[in-house]
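What follows is a short report on a single structure.
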Amino acid sequence: MVEIGLPHILVVDDDDRLRDLLKRYLGENGFMVTVARDATEARARLEAFTFDLLVIDVLMPGEKGVDLARSLRDRGMTVPIMMLTALTETDDRIAGLEAGADDYLAKPFEPRELVLRIEAILRRYGTRPENDVPGKVETTEVMFGNFCFDMERMVLQRGDEHVYLTTAEQDLLAALARRTGQTTSREQLFELTGGTGSADPAASRSIDVQVTRLRRKLEDDPKQPRYLQTVRGRGYVLYTD
């Protein structure tokens with residue numbers, strides 16, 4: 001019997017053994033789990049159910065996981081996405097972020113790590129307690145142009161319109177909003193948004209990808225940004241004027 005109120009996770013993976021393992025393990029850790037073996041099945045599940053988070057394998061027969069994620073984002077679907085990948089190349093990881101994934105986890109992985117990452121994403125999509133916000137400031141709202149960003153709730157409004165942000169975009173904007181007018185390096189932003197191993201070239205590149213995505217949502221002309229600007233050789237800065 002399905003328990004009402006549990007977070008509902010869709011696991012999309014063509015590996016029968018891993019799919020069954022994740023369904024059992026996530027179920028034992030407080031999630032309601034539905035599975036699909038490929039993108040076609042996933043689309044059918046998405047038509048039938050509402051999910052709180054998608055766990056999608058990158059390499060699947062037919063439509064790849066990255067392509068599925070990108071198409072869902074293009075349709076306006078805002079559900080958080082976690083990518084599972086055996087790929088370790090920087091370009092492959094960047095491709096997942098560009099497709100709209102909130103996080104990725106490289107195979108092989110410990111199931112417990114997946115649970116912790118899922119819980120972290122779901123917390124970010126809910127109300128984050130003040131004590132969990134690093135670098136807490138007295139005001140939780142930052143205004144710039146027609147935008148208002150609530151750093152406690154991680155919600156961005158443009159006038160009366162809600163602007164959808166991925167988890168990574170929420171964390172990046174929060175890190176910059178706490179330091180309005182101050183330049184923050186890519187390495188610092190990577191650490192402030194929960195990254196580890198900042199010596200990895202993917203660290204700086206992943207920040208650049210998220211900045212590009214965020215500018216598309218903040219700027220009238222992303223190529224000539226007014227608010228989220230680059231300080232050459234130093235990093236990025238958010239201006240509120």
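The values are calculated or read from the model by the stated rules, or taken from the named source; none is laboratory data. Predicted model, so just to flag it, every value in this text is computed and none were measured. We place every Cβ from the backbone using ideal geometry, glycine too, and count neighbours over all the protein chains shown. Ligands, DNA and RNA are stripped out before the accessible areas are found, and what is left, the full protein with its side chains, is counted by its heavy atoms. Shrake-Rupley method; radii C 1.70, N 1.55, O 1.52, S 1.80 Å.
Quick check: anything in segment 21-42 of a type in the set (Ser, Thr, Tyr) and part of a loop (DSSP other than H, G, I, E, B)? Give the derivation first.
First, pick out the residues of segment 21-42 that are of a type in the set (Ser, Thr, Tyr): 25, 34, 40.
Restricting the remaining residues to those that are part of a loop (DSSP other than H, G, I, E, B) gives none.
No, there is no match, as no residue in segment 21-42 is of a type in the set (Ser, Thr, Tyr) and part of a loop (DSSP other than H, G, I, E, B).
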Residue selected from segment 137-156 under the condition farther than 18 Å from residue 167 by Cα and either of a type in the set (D, E, K, R) or open to solvent by 20 Å² or more (accessible area, probe 1.4 Å) (or both), by the criterion modelled with the lowest pLDDT: 137
Let me spell it out: the conditions are (1) under 15 Å from the mean Cα position of the chain (by Cα); (2) open to solvent by less than 70 Å² (accessible area, probe 1.4 Å); (3) modelled with pLDDT of 80 or more; (4) not basic (Lys, Arg), and residue 126 meets all of them except one. Which number is the exception? (3)
Checked pairs for segment 22-42, first within 13 Å of residue 64 (Cα to Cα), second in a strand (DSSP E or B) and open to solvent by less than 30 Å² (accessible area, probe 1.4 Å), C-beta under 6 Å and 6 or more apart or across chains, list as 42/12; 42/36
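Between 68, 26, 53, 18, which is modelled with pLDDT of 90 or more, within 19 Å of residue 102 (Cβ to Cβ) and more than 19 Å from the chain's Cα centre (by Cα)?
Details: 68 fails: more than 19 Å from the chain's Cα centre (by Cα); 53 fails: more than 19 Å from the chain's Cα centre (by Cα); 18 fails: within 19 Å of residue 102 (Cβ to Cβ).
Sole residue among the options that is modelled with pLDDT of 90 or more, within 19 Å of residue 102 (Cβ to Cβ) and more than 19 Å from the chain's Cα centre (by Cα): 26.
Filter segment 87-101 down to the residues that are assigned to a helix (DSSP H, G or I) and modelled with pLDDT of 65 or more and list them by number.
So the first thing to find is which residues in segment 87-101 are assigned to a helix (DSSP H, G or I), and the list is 90-98.
Answer for segment 87-101, where residues must be assigned to a helix (DSSP H, G or I) and modelled with pLDDT of 65 or more: 91, 92, 93, 94, 95, 96, 97, 98.
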Return yes or no: is residue 188 in a helix (DSSP H, G or I), at pLDDT below 90 and open to solvent by less than 60 Å² (accessible area, probe 1.4 Å)? no
Where residues in segment 43-77 are more than 26 Å from residue 109 (Cα to Cα), assigned to a loop (DSSP other than H, G, I, E, B) and of a type outside the set (Phe, Trp, Tyr), which of them is most open to solvent (accessible area, probe 1.4 Å)? 75
Which numbered condition residue 198 misses (of (1) at pLDDT 80 or above; (2) open to solvent by less than 50 Å² (accessible area, probe 1.4 Å); (3) polar (S, T, N, Q)): (1)
